[in-house]
Amino acid sequence: MKNSLLLKSALALAMAAPLMASAESQLVTGAGTATARLDLRVVIPRVLFLGVGAGAATPLASNGSINTLTFDYSTNPLDVGTGAAAASISNDGPLPGGNAVPVRVFGNDGQITITATNPANLTSGADTIPFTELSVSTTNAALPAPGFNGGTSLPTLAGRVTNQTANWAYSYANATTPAFGTYTGRVTYTATMP
């Protein structure tokens, strides 16, 4: 008897389970109308994306590659310190070429601020070139490049969404004559959103 009651209870629960998971329904017999309602929902995650160099080519994904932009005076060494452009400007990765670096910023929760942080100097051993010898400009006024040493920029947004791309072009003033070497320094761009 106990087994029979347990079996009947299990069977009743199995038959009722699909009804508990069903959407609303209404059964009408005879004349009339039946209605059933359904709630809809769209979930949009809060997103903040900043890509500089090769990282700009893969929107909304993380890319740990750090590109290098090189101003090379190996073939025009007598131009060092004269203000002349480097004979060779190269960058690694899938970049547009020369001194241009692709940039993309996307965010969907208000005004984004991009800040640049870098050391005071590019270094080669104990020798230095001031970071002030470098500058950066943009091909899109809606995505301005922040100046070095704590500079900030405010990309244009539409409503509460920012989705901008640009090429940032870097220049080396070549106004000093440093000792020979390969001088390096890294700028870190940080995007923040309220």
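Determine the share of the chain's accessible area contributed by carbon and sulfur atoms, expressed in whole percent, with a 1.4 angstrom probe. The partial results should precede the final answer.
Details: 7260 of 12370 Å².
With neighbouring chains kept in place, the figure for the chain is 59 percent.
Using +1 on the beta carbon of Lys and Arg, -1 on that of Asp and Glu, and nothing else charged, what's the dipole of the range 43-194 about the Cα centre, debye to 20?
My answer is approximately 520 debye.
Suppose R0 equals 30 Å. What FRET efficiency, 1/(1 + (r/R0)^6) with r the Cβ-Cβ distance, do Arg37 and Ala158 give to the nearest 0.05?
That gives a FRET efficiency of 0.30.
Hey, with R₀ at 41 Å, roughly what FRET efficiency would Ala142 and Phe180 work out to, going by the Cβ-Cβ distance, to 0.05?
It comes to 0.50.
Dipole of the range 72-162, Cα-centred, from +1 at each Lys and Arg C-beta and -1 at each Asp and Glu C-beta, to the nearest 20 debye? Write down the numbers at each step before the final one.
Working: 2 positive and 6 negative charges, 85 e Å.
Value, rounded to 20: 400 debye.
For the chain, report the accessible area per residue in Å² (1.4 Å probe, heavy atoms, rounded to an integer).
64
Restricting to DSSP H runs of at least four residues, report the calculated mean residue ellipticity at 222 nm for the chain, -39500 (n - 2.57) per run over all residues, nearest 500 deg cm²/dmol.
So the calculated ellipticity at 222 nm is -3500 deg cm²/dmol.
Roughly speaking, what is the stretch gain from Ala84 to Ala173, that is 0.36 nm per residue apart minus the C-alpha to C-alpha distance, in nm to one decimal?
Between Ala84 and Ala173, full extension yields an extra 31.3 nm.
Could you calculate the FRET efficiency of Ser62 with Thr188 from 1/(1 + (r/R0)^6), where r is the beta carbon distance between them and R0 is 25 Å, rounded to 0.05?
0.95
The values are calculated or read from the model by the stated rules, or taken from the named source; none is laboratory data. Computed from a predicted model, the values in this text were never measured in an experiment. Please note: Cβ atoms are built from the backbone with ideal geometry, for glycine as well, and neighbour counts cover all protein chains shown. Only protein heavy atoms, including side chains, enter the accessible area calculation; ligands, DNA and RNA are left aside. Shrake-Rupley method; radii C 1.70, N 1.55, O 1.52, S 1.80 Å.
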